[in-house]
Amino acid sequence: MLYKRLNALYTENEVIAEEFPFSEYFPLLQQFISNEVELGAEYLSPYRFALSFSKPPKAAIRFFLGLTDSEEILRQYYKYQCDECDAINIIKDEKALVNFKCKRCGFEDYLETSDYLSEVKLMFKIEDKLLEAVNDNLKINPLSSINTISSAVTDERGDLENVNFNTAEELIIKDGKMISKVSFERSKRIRKYRNLL
Ligand SMILES: [Zn+2]
């Protein structure tokens, strides 16, 4: 399933195809997803990807942003920890991010206050059907030895493994080329909402 979906993305997106050759990155991504799902992950960290395959972290982040160009591989979410009650909020779209309201305590925060955006992290969630397929495959063919850097993959992952909003923003465009139209549109929406405040 991953092969087909990645192939479709690569056909559409010339920038990712050029910077991250399919023949190299498909096997890496396939192995990485299997390893991480075996450990119980639903979200993937580009930092772990970089560490696993000795790639520069920024390149890995740019690759992941490129992957979100297809809704069928990775979906990007925002993560923000409430200042009031410390609840971790996973936020789907830019509007909800800009007008933050904590799902636990109802605390409201706005982009214009403090360093809000610098506290926001990006999360990359494996698309549901793809996750299901990987899980099914692991049941039939369990990984014999997990080649992993750490087994500390839970929902309470350290924030070191999550990408800072600002870091990602800087990586969407490189040498005038955007890695993902979806990311670019997200970034534009944020700027628009921000200007409205
Ligand atoms: Zn709260």
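The figures follow:
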| read-out | value |
| --- | --- |
| Residue list for segment 90-134, restricted to those being out of contact with any Lys or Arg (no Cβ under 6 Å at 6 or more places or on another chain) and among the basic types (Lys, Arg) | LYS92, LYS95, LYS101, LYS103, ARG104, LYS129 |
| Filter pass, LYS79 being surrounded by fewer than 18 Cβ atoms within 10 Å (Cβ to Cβ), touching a residue at least 40 places away in the same chain (Cβ under 8 Å) and among the charged types (D, E, K, R) | no |
| Segment 171-189 residues that are closer than 17 Å to ILE91 by Cβ, paired with ones that are acidic (Asp, Glu) and not in a helix (DSSP H, G or I) (beta carbon under 9 Å, 6 or more apart) | VAL182/ASP69; VAL182/GLU71; SER183/ASP69; ARG186/ASP93; ARG189/ASP93 |
| Residue in segment 147-163 that is modelled with pLDDT of 85 or more, within 15 Å of GLN76 (Cβ to Cβ) and not in a helix (DSSP H, G or I) present | yes |
| Enumeration of residues in segment 165-197 that are part of a loop (DSSP other than H, G, I, E, B) and within 12 Å of LYS58 (Cα to Cα) | ILE172 |
| Subset of segment 21-66 that is among the hydroxyl-bearing types (Ser, Thr, Tyr) and touching a residue at least 40 places away in the same chain (Cβ under 8 Å) - its residue that is nearest to LEU2 (Cα to Cα) | SER34 |
| Members of segment 108-138 found to be within 16 Å of the ligand (Cβ to nearest atom) and hydroxyl-bearing (Ser, Thr, Tyr), listed by number | TYR110, THR113, SER114, TYR116 |
| Output for segment 9-36, where each listed residue is within 15 Å of GLU127 (Cα to Cα) and surrounded by fewer than 17 Cβ atoms within 10 Å (Cβ to Cβ) | GLN30 |
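The values are calculated or read from the model by the stated rules, or taken from the named source; none is laboratory data. Please read these numbers as outputs of a predicted model, since none were measured by experiment. Every residue, glycine among them, receives a Cβ derived from its backbone with ideal geometry; neighbour counts consider all protein chains shown.
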